[in-house]
2 protein chains.
Amino acid sequence: MTLSLYSDEQYMREALKQARYALQEEEIPIGAVVVMDKQIIARAYNQTEKLRDVTAHAEMLALTAAANYVGNKYLADCTLYVTVEPCVMCAGASFWAQVKRVVYGAAEEKRGFRRHGNLLHPRTELATGILADESAELMRQFFAQRRK
Amino acid sequence: MTLSLYSDEQYMREALKQARYALQEEEIPIGAVVVMDKQIIARAYNQTEKLRDVTAHAEMLALTAAANYVGNKYLADCTLYVTVEPCVMCAGASFWAQVKRVVYGAAEEKRGFRRHGNLLHPRTELATGILADESAELMRQFFAQRRK
């Protein structure tokens, strides 16, 4: 199978790399990248333990880094890729940034934003289920390790 | 009238001071403080323009500063005072931090979290309407200036 260099899957693989860094550092393994004009302009993984800061989710760090790169707090030409369904906080941040698209991998029924309705910006498109199994598998690994 | 040093009103006055700093810097005038054991451990005001970062709401900056002070991402003994009803993002952050109480001044019917249901942590108490008029007046001033 050949994969387009610019496919959702390909960008999600980069987000998964970030998630694996989180796993290595014993953080909940969620990774994110922000893409503009086909180029990855920000990469981040969850660092809530290391930074002792609940706001340090992968998406938040990636959106802040992307805004810094673009020089604009609005990211209307950007797509946020994240391995797991964003929480309410991160959905809220993507609302304010007015991102063009949010693409996530695995659903998160308990802490994901979707059970609270559509919290995204009306102009934001949503795509789900991209590399969902790989994304969910990392989460399972993390929680299995932690229970030991 | 004598005001208790440790009343909600008194802490909200400190949050209002922060909101006024925001107004001076042409930011949307919202201020926040975090209180633990009757002591203010963090103060912040909205800096989304200066930092070009949608995540730089007063509450987010205050929660991050408070976690840094406490050395713990959980703020279960802390009260977050904020002059205006938090948005979805900030309600989500206070959920993750498991703050003991959220106290806000003015309601924000359009962008406040409450229209999306109760997004706070089940253990978080909510108090509203503390110095609501002063808080709302600052917002009115800001938007009146901006329309000119």
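The values are calculated or read from the model by the stated rules, or taken from the named source; none is laboratory data. Just so it is clear, the model here is predicted, and its values are computed rather than measured. Here Cβ is always computed from backbone atoms with ideal geometry, including for glycine, and neighbour counts include all displayed protein chains. Areas reflect the complete protein model, heavy atoms only, side chains present, ligands, DNA and RNA absent. Shrake-Rupley method; radii C 1.70, N 1.55, O 1.52, S 1.80 Å.
One table, with the values for the structure above:
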quantity	calculated
For A:Arg123, label point 7 Å along C-beta direction: distances to other copies, nm	4.1
Chain pair B, A: total accessible area buried, heavy atoms, 1.4 Å probe, Å²	2200 Å²
Length gained when the stretch B:Ile40-B:Ala127 is fully extended (0.36 nm per residue, less Cα-Cα span)	29.5 nm
Anchor B:Lys50: lysines whose Cα lies under 27 Å away (excluding residues fewer than 8 positions away in-chain)	A:Lys50, A:Lys73, A:Lys100, B:Lys17, B:Lys73, B:Lys110, B:Lys148
Within the accessible area of the stretch A:8-147 (1.4 Å probe), percent carbon and sulfur	43 percent
Equivalent ellipsoid semi-axes - Cα gyration tensor, the protein assembly as shown, angstrom	34, 22, 15
Cleavage-rule hits (chymotrypsin sites (Phe, Trp or Tyr not before Pro)) in the stretch B:12-102: DSSP loop, at most 14 neighbouring Cβ within 10 angstrom	B:Tyr74
Overall form of chain B per C-alpha gyration tensor (a/c, 1.5; a/b vs b/c)	rounded
Using a 7 Å Cα-to-Cβ projection, B:Ala144 label spacings across copies, nm, ascending	6.3
Within the stretch A:1-121, percent of DSSP bridges classed antiparallel, to nearest 5	70 percent
Drop in accessible area of at least 10 Å² in the complex versus isolated chain, residues of the stretch B:29-58, 1.4 Å probe	B:Thr48, B:Glu49, B:Arg52, B:Asp53, B:Val54, B:Thr55, B:His57
Of A:Gly129, A:Gly105, A:Gly71, the one that fluctuates the most in a GNM where chain A has Cα springs shorter than 10 Å	A:Gly71
Across the identical copies, how the B:Gln24 labels are spaced - nm, sorted shortest first, 7 Å along Cα→Cβ	4.6
For the stretch A:50-95 and the stretch B:1-64, distance of Cα centres in Å	23 Å
Loop GluC sites (Glu not before Pro), the stretch B:1-95, which have at most 15 other Cβ atoms in a 10 Å radius of their Cβ (DSSP)	B:Glu25, B:Glu26, B:Glu49
